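Reviewing the structure listed below.
Every number in this text was worked out from the coordinates using simple rules, so none of it is lab data. Here the structure is a predicted model, which is why all the values come from computation and not from measurement. Note that we place each Cβ from the backbone using ideal geometry, even for glycine, and neighbour counts take in every protein chain shown.
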Amino acid sequence: MKRGIALVVGLFGVMVAGLIVWLVGSSDSSGVGRERPPLRIALGQWAGYAHAFVAQEKGLFAKHGVEVQLTLNQEHSSEFLNLYRRGQVDGLFLVLSDAVMLWSTGSPTRVVYIADYSQSGDVIVGRPELASLADLKNRTVAFEEVNSFSHIFVLQALERYGIDESQVLMKVSPSDQVVADLDQGLIDAGHTWQPATSQALAKGYKVLASARDVPGLIVDVLAFDPEIVATRPDDVRAVVRALLEASDFVAAHRAEAVTLMAKAMGMSEAEMASGLDEIWQPGLQGNREALAQSDSPFSLYNAACAMVRFFLERGQLRAIPDVNRMIDHSAVESLAEIQRP
């Protein structure tokens, strides 16, 4: 009798063990059925990224079943790009041109979401006596880094006013140094953004051009390591979904959101509010349209191809990025399917 009971219990144990093995083995590539580490995302001090903190503080990441660890870097953008290169973060908010350069230098990314388009968020500020960029001929203008998005922006803005790069003197100056360089007479104009823009205007300097003059050029995106996108697609989609909801929250509860985001970003509420006014954040439909190939001035594909050409002409690319692989619209498209009636 005891032997019979032992046999039944033993068979039951085998069945349970088999069921556990089957459940573990049938888990999908996104990690369902097993513990997953948090997705580590780096971001810089920019109003267009700040809704990520809304998603975190309001529990929107948790609502959609993903844990996210945000790392804010208030210093130069190269710092958090290096975090990504070293594998210390899984993804990051960055300008599109940086995604192109990461790919070229052996650190591919998958762009899954458009955070914002800069309109008057990126500006060229200059001395009050300058009427326009046309007055910069034979003067000194600053940008962030050679062959960066900042460099591209300054050159294209000058071109719109008939100024060739050979007709100006150029100086590398971080955005937070532009006001000091203007004060010291080291430059006549420079590319910057908030909070430096407000500081420049308070001192009497003026805006000579903005990203609105070159629509679609300066676009900020969220990108992940390709392996993360391949092995944790549900988590990537959850992050995008939470960010879209956070953007909606900012629109519906602006005052509360500005307070939260300013504190998280280390900016004043006035600087954050001004920063939000200077960008356009596309929703789900805007993301779908921009991530698809089209003739729209906001096409991410066209912008990336233009940047690749710019870097190629200057001999800056070690490898040519595959733009079709770099832009990944799968998360956005799957969310559109979920919302479709």
- Taking the chain and dividing mean pair separation by its residue count, relative contact order in percent (alpha carbons under 8 Å, at least six apart): 25
- Message: P(r) for segment 123-213, please, calculated from all Cα pair distances in 5 Å bins and given in %.
- Response: 3, 17, 30, 29, 16, 4, 0
- What does the charge count near Asp220 come to, summing +1 for each Lys or Arg and -1 for each Asp or Glu among other residues with Cβ under 13 Å from its Cβ? -4
- Quick calc, the chain, dipole around Cα centre from Cβ unit charges on Lys, Arg (+) and Asp, Glu (-), nearest 20 debye, gives 1140
- Using packing as a proxy for protection, rank 190-202, 114-126, 222-234 so that the peptide with the highest average count of other Cβ atoms within 10 Å comes first. 114-126, 190-202, 222-234
- Item | Which of Pro297, Met261, Gln281, positive extreme of dipole for segment 229-324 (C-beta unit charges) | Pro297
- Message: Can you list the DSSP H helices in the chain whose Cα atoms extend at least 24 Å along the helix axis and whose mean Kyte-Doolittle hydropathy is 0.5 or higher?
- Response: 2-25, 233-252
- Task: Would you calculate a helix-derived [θ] at 222 nm for the chain, using -39,500 (n - 2.57) for each DSSP H run of n ≥ 4 and dividing by the full residue count, to the nearest 500?
- Result: -14000 deg cm²/dmol
- Orientation-averaged projected area, Cα convex hull of the chain (nm²): 21.9
- Message: For a quick check: sort Ser132, Ser104 by the number of other beta carbons within 10 angstrom, fewest at the front.
- Response: Ser132, Ser104
- Note on the structure: For segment 123-213, the charge dipole (Cβ of Lys, Arg +1; Cβ of Asp, Glu -1; about the Cα centre) points to a positive end, and the Cα of Leu201, Gly185, Ile124 closest to that extreme belongs to Leu201
- Query: Which order, highest average first, do 271-283, 41-53 follow once you tally other Cβ atoms within 10 Å for each residue and take the mean per peptide?
  - Reply: 41-53, 271-283
- Task: Determine, for the chain, the count of lysine pairs separated by eight or more sequence positions (or lying on different chains) whose alpha-carbon distance falls under 23 Å.
- Result: 6
